[in-house]
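What follows is a single structure, written as structure tokens, with notes after it.
Every read-out reported here was derived from the displayed coordinates using simple, explicitly stated rules and does not represent laboratory data. Not measured: the values here are computed from a predicted model. Virtual Cβ from ideal backbone geometry, glycine too; neighbours counted across all protein chains shown.
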Amino acid sequence: MIILGVESSCDETAAAVLVNGRLASNVINSQIDIHRLYGGVVPELASRHHLQNIYPVVQAALDQAGVNLDELDGMAVTQGPGLVGALLIGLSFVKAISLVKGIPYVGVDHLAGHLLSVFLGEKKPEFPFVALIASGGHSSIFLVRSYFDYQLLGRSRDDAAGEAFDKVAKLLGLPYPGGPVISRLAVDGDRQAIAFPRAWLAPDSLDFSFSGVKTSVANHVNACRMANRELAIPDICASFQEAVAEVLVQKTMQAAEVLGVTNLVVGGGVAANPRLRQLFVEQCLAKGCSLFLTQLEFCTDNAAMIALAGSYQFEKNKTLTYDMDAYSRASILQ
Ligand code: KG4
Ligand code: ZN
């Protein structure tokens, strides 16, 4: 079974080919340098660049895998959630190939892609598992019972974890995306230097809220500026990162404990954060849980995870018709 995956939900144009479940190519064209000028993703620019990039990216994925369009058994494309203008580029491209070549295609939920991306790694979890997906758009905890059965246990009530990293970076005058640069600077900082708040919410709540910690960083920065005090950027980064990571880890561990599930999965762009990974390793070791961290290259947006999630849908014969539309918010997981 040869499957082409296509992803264009935000600022990465990506295509990948899976041959009998093995990843044969994984091409990602990132628009970060374009959006960095504006401090975040500009939807209209994202769409225009997806349009320019989609054909060469798909062609490169096919070439690297050594297959041509006629050899494809199916295609998988991100249907949502994401920027609709951006999603429509990938979706329309795949629909066009499908119409011309008669190749069936499936629409994949971007979050399902992140949830299943752990299966692209060497170490694969058994069901059921509790999964934390922390990205630029979502911070959610799921109970995953099968490739298709996801129960949402908790979600962000305001900013997603990655969004908080991006906004704090902007406050500190650091480039977009904030996560990688904050985690690099945090290495030289003191995690206990500033006591930024942790929003635990109600004791049994598995929801997240990161807007408070972001505001607290803004207040700290303003107070320093008013007092003409130099900003201790590494300390701010390390203390902020600790506040976010601690809540993400603790609530995921709490979900696993309450449900009596011992397999934990972590995915999404924020799962690339070294401190978050380290805290999960420590906590899982202490609690006797098995930890499955998504491989670094598959944490941030990619089409390999879309091809993989799509391959399971093909096994179930869940193909789409041509009137399928992209969706911005209404995730199939909610
Ligand atoms: O999964 P992803 O590529 O796109 C979405 O689906 O949103 O995640 C992107 C997010 C950005 O907010 C970025 O700042 C964050 O992931 N991120 C990180 C790190 N690398 C990327 N956050 C914290 N630490 C990192 N090392
Ligand atoms: Zn994503």
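How far is the Cα center of the range 1-32 from the Cα center of the range 131-190, in Å?
Here the two parts' Cα centres lie 22 Å apart.
When only Cα pairs under 8 Å and 6 or more residues apart are kept, what is the percent relative contact order across the chain? Walk me through the numbers before you get to the answer.
Values: 733 pairs, mean separation 82.3, N = 334.
This gives 25 percent for the chain.
Among all cysteines in the chain, which have no other cysteine Cβ under 4.7 Å from their own Cβ?
C10, C224, C237, C299 - these cysteines have no disulfide-compatible partner (Cβ-Cβ under 4.7 Å) in the chain.
Quick one: order S209, S146 by neighbouring beta-carbon count within 10 Å, fewest to most. Mind dumping the intermediate values first?
Details: S209 20, S146 9.
The order, fewest Cβ neighbours first, is S146, S209.
Report, ordered by chain and residue number, the aspartates and glutamates lying within cross-link reach of K101, taken as a straight Cα distance under 19 Å and ignoring same-chain residues fewer than 8 apart.
D63, D70, E71, D73, D323
Out of all DSSP beta bridges in the range 122-293, what portion is antiparallel? Express it as a percent rounded to 5. Could the numbers behind the result be given before it?
Values: 11 of 20 bridges.
Bridges in the range 122-293 are about 55 percent antiparallel.
What distance in nm lies between label points placed 7 Å from Cα along the C-beta direction at L152 and S328?
Reported label-point gap for L152 and S328 is 1.7 nm.
Mind listing the long-range amide H neighbours of S25? Cut-off is under 5 Å, sequence gap 5 or more, other chains count too, H placed in the peptide plane at 1.01 Å from N.
Amide H to amide H, under 5 Å and 5 or more residues apart or across chains, S25 pairs with V17.
Arranged by the count of other C-beta atoms within 10 angstrom, fewest first, what order do H35, H50 take? Intermediate results must be reported in sequence, preceding the final value.
On the way: H35 20, H50 27.
Fewest to most other Cβ atoms nearby, the residues stand as H35, H50.
Amide H of V265: which non-local residues (sequence gap of 5 or more, or other chain) have their own amide H closer than 5 Å, using H built in the peptide plane?
Counting only residues 5 or more places away or on other chains, the set is V130, A131, L132, F292.
What ³J(HN,Hα) values, in whole Hz, does the Karplus curve 6.51 cos²θ - 1.76 cosθ + 1.60 give for the range 146-162 when θ = phi - 60°, with x put for Gly and Pro?
So the Karplus estimates, Gly and Pro as x, are 7, 4, 10, 10, 10, 10, 6, 9, x, 8, 6, 8, 9, 5, 6, 4, x Hz.
Between K101 and D70, what is the label-point separation in nm under the 7 Å Cα-to-beta-carbon projection?
Taking the two extended label points, one gets 1.1 nm.
How much length, in nm to one decimal, is gained on full extension between E257 and Y38, taken as 0.36 nm per residue of separation minus their Cα-Cα distance? Can you show the working numbers first?
Working: separation 219, 0.36 × 219 = 78.84 nm, distance 4.21 nm.
Gain on extension, E257 to Y38, equals 74.6 nm.
If amide H atoms are built 1.01 Å from N in the plane of the peptide, which residues on other chains or at least 5 residues away come under 5 Å of the amide H of L153?
I141, F142, L143
With label points built 7 Å along Cα→Cβ from the Cα atoms of K124 and M226, find their separation and express it in nm.
5.7 nm
List the trypsin sites (Lys or Arg not before Pro) within the range 236-334 that DSSP assigns to loop and that have no more than 16 neighbouring Cβ atoms inside 10 Å. Mind showing how you got there, number by number?
Working: sites: K251, R275, R277, K287, K316, K318, R329; in loops: K316, K318, R329.
Taking the range 236-334 and a limit of 16 other Cβ atoms within 10 Å, the loop trypsin sites (Lys or Arg not before Pro) found are K316, K318, R329.
What list do you get for L279, L91 if you sort them by fewest beta carbons within 10 Å? Provide the component values of the computation, followed by the final result.
Working: L279 18, L91 23.
If I rank by nearby Cβ atoms, fewest first, I get L279, L91.
Output ³J(HN,Hα) for the range 284-299: one whole-Hz value per residue in order, computed from phi by the Karplus curve 6.51 cos²θ - 1.76 cosθ + 1.60 with θ = phi - 60°, and x for Gly and Pro.
So the J values, rounded to whole Hz, are 5, 5, 5, 9, x, 9, 8, 9, 10, 8, 4, 4, 3, 5, 9, 6.
Once phi is turned into ³J(HN,Hα) by the Karplus curve 6.51 cos²θ - 1.76 cosθ + 1.60 with θ = phi - 60°, what whole-Hz value does each residue of the range 265-280 show in order, with x for glycine and proline?
In residue order, the calculated couplings are 10, 10, x, x, x, 5, 5, 7, 5, x, 5, 4, 4, 5, 4, 5 Hz.
Counting helices only, and only those DSSP H runs with n ≥ 4, report the 222 nm mean residue ellipticity of the chain as the sum of -39,500 (n - 2.57) divided by its residues, in deg cm²/dmol to the nearest 500. Write down the numbers at each step before the final one.
On the way: 10 runs with 142 residues, N = 334.
That calculation yields -14000 deg cm²/dmol at 222 nm.
Just add up the charged neighbours of L276: K/R +1, D/E -1, any other residue whose Cβ is under 13 Å from the Cβ of L276.
Working: positive: R191, K251, R275, R277; negative: E242, E246, E282.
Overall, the nearby charge balance is +1.
Round to the nearest 0.05 the FRET efficiency obtained for D63 and K170 when R0 = 30 Å and r is the Cβ-Cβ distance. Don't skip to the answer; put the middle values down first.
Values: r = 38 Å, r/R0 = 1.26.
The formula returns an efficiency of 0.20 here.
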